[in-house]
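Please read the structure below before turning to the comments.
The values are calculated or read from the model by the stated rules, or taken from the named source; none is laboratory data. Please read these numbers as outputs of a predicted model, since none were measured by experiment. Here the Cβ positions follow ideal geometry from the backbone for every residue, glycine too, while neighbour counts run over all protein chains shown. Surface areas here come from the heavy atoms of the whole protein model, side chains and all, with no ligands, DNA or RNA. Shrake-Rupley method; radii C 1.70, N 1.55, O 1.52, S 1.80 Å.
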Amino acid sequence: MRPCTTVMHLLLRCMRGCGRHSRNRMPRILRQLVSYIKLIFKSLYFNSLTNSEVVLDCILEPVFWTVEVVTRWFGMVFVFLVVALTSSVVFIAYVCLLPLVLQTYSTGWMMWHICYGNWILVMIVFHYYKATNTPPGYPPKMKNEVPFVSFCKKCVIPKPARSHHCGICKTCILKMDHHCPWLNNCVGHYNHRYFFSFCLFLTLGCMYCSISGRDLFIDAYNSIDEISQPPYTYKDRMFHKSVIYMWVLTSTVSVALGSLTLWHALLITRGETSIERHINNKEAKRLAKRGKVYRNPFSYGKLNNWKVFFGVEKRSHWLTRVLLPSGHTPYGDGLTWDIYPLKKNMMPV
Ligand SMILES: [Zn+2]
Ligand SMILES: [Zn+2]
């Protein structure tokens, strides 16, 4: 009995020893393994500058990427839509409405409709062509003396004041306003005026069609129920449908594009671009907390901002450079924005 008891005693001690031994060793190995995995995982994304904004940007990156790719690929489709819709309205105006104007209106009204309608059409076509075909302006890629305010991480070049990177064009743009899918081009320093004039004249053209075609639209709309009845021929039906299509399209565009044009007019009055509006708002709030007032360094006063925007140096320029097609280049090179460009004694307000 005694040897048996001794063996049992030794076995128990051994098992207890092994248990104690493995308890000590295994967790340490596991702990090391887990900490290695953690270290490898953290090394994949660790950045001492990471904050909630960076994390949010990373999460939204696929969304931005999709929007950029879709906008890039559908750029020509949007341009085709603008050309097709505008052409359809012009076609209806010439084929359906012009004969009516020539038959029924007095000579004075007839001249007004022909002159105003064609002037608006010329302005729309000219500014759309220029807005889509004029490069917005790019900062120099080579080493230069231009003062810069920040650095573009994507282009790896210094960014002059008011320049921003466009993810769709994949380059930095001088005085960038926004990337316009309807132009398939960025709106920047060299084509901002063409973009605004296009919006303005297209709104005026749509308002003109909407107001002058209102009575015809009401007649056409009221006759929808009887449109298939004998007094109406195929030509009449097509006329009614064309008038309804034109009125609905031009009225909708008048409201939508009119609001956008008003918004841009407000920005031009303030001497801001769409991007700067957000930056300036943030800056104004930040300074307001400190009891200070923010002043936009690129604003020269309301009227002067418009003069700079349209390149108006003398009174006659309001006619030749604003109300008639003009291909003059904007003030400055879009790189430096030191002084008011028209009169040197007037400093930015
Ligand atoms: Zn860039
Ligand atoms: Zn762009």
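Tabulated results
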read-out	value
In region 149-169, the residues that are assigned to a loop (DSSP other than H, G, I, E, B) and either β-branched (Val, Ile, Thr) or closer than 19 Å to Phe298 by Cβ (or both)	Val149, Val156, Pro160, Ala161, Arg162, Ser163, Ile168
Condition broken by Lys175, with the remaining ones in (1) in contact with a Pro (Cβ under 7 Å, 6 or more places away or on another chain); (2) within 16 Å of ligand 1 (Cβ to nearest atom) satisfied	(1)
Checking Gln103 against (1) open to solvent by less than 100 Å² (accessible area, probe 1.4 Å); (2) part of a helix (DSSP H, G or I), the condition it does not meet	(1)
Complete set of residues in region 277-298 that are over 17 Å from His189 (Cα atoms) and assigned to a helix (DSSP H, G or I)	His278, Ile279, Asn280, Asn281, Lys282, Glu283, Ala284, Lys285, Arg286, Leu287, Ala288, Lys289
Members of region 152-167 that are out of contact with any Phe, Trp or Tyr (no Cβ under 7 Å at 6 or more places or on another chain) and within 23 Å of Gly271 (Cβ to Cβ)	Ser163, His164, His165, Cys166
Any hit, region 318-330, residues being assigned to a helix (DSSP H, G or I), in contact with a Cys (Cβ under 6 Å, 6 or more places away or on another chain) and under 27 Å from Leu85 (Cβ atoms)	no
Identity of the residue in region 168-213, among the hydroxyl-bearing types (Ser, Thr, Tyr) and over 29 Å from Leu98 (Cα atoms), that ends up nearest to ligand 2 (Cβ to nearest atom)	Thr171
Leading residue by the ranking (nearest to ligand 2 (Cβ to nearest atom)) among those in region 143-167 that are surrounded by 18 or more Cβ atoms within 10 Å (Cβ to Cβ) and aliphatic (A, V, I, L, M)	Ile157
Positions within region 170-188 being open to solvent by 10 Å² or more (accessible area, probe 1.4 Å) and assigned to a loop (DSSP other than H, G, I, E, B), in sequence order	Lys170, Lys175, Met176, Pro181, Trp182, Asn184
Scan of region 123-142 for residues that are within 16 Å of ligand 2 (Cβ to nearest atom) and touching a residue at least 60 places away in the same chain (Cβ under 8 Å), ordered by number	Ala131, Thr134, Gly137, Pro139
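Conditions tested, residue by residue: (1) more than 25 Å from Val82 (Cα to Cα); (2) open to solvent by 70 Å² or more (accessible area, probe 1.4 Å); (3) modelled with pLDDT under 85; (4) not in a helix (DSSP H, G or I).
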| residue | (1), (2), (3), (4) |
| --- | --- |
| Phe217 | no, no, no, no |
| Pro230 | yes, yes, yes, yes |
| His240 | no, no, no, no |
| Ile275 | no, no, no, no |
| Tyr300 | yes, no, no, yes |
| Leu303 | yes, yes, no, no |
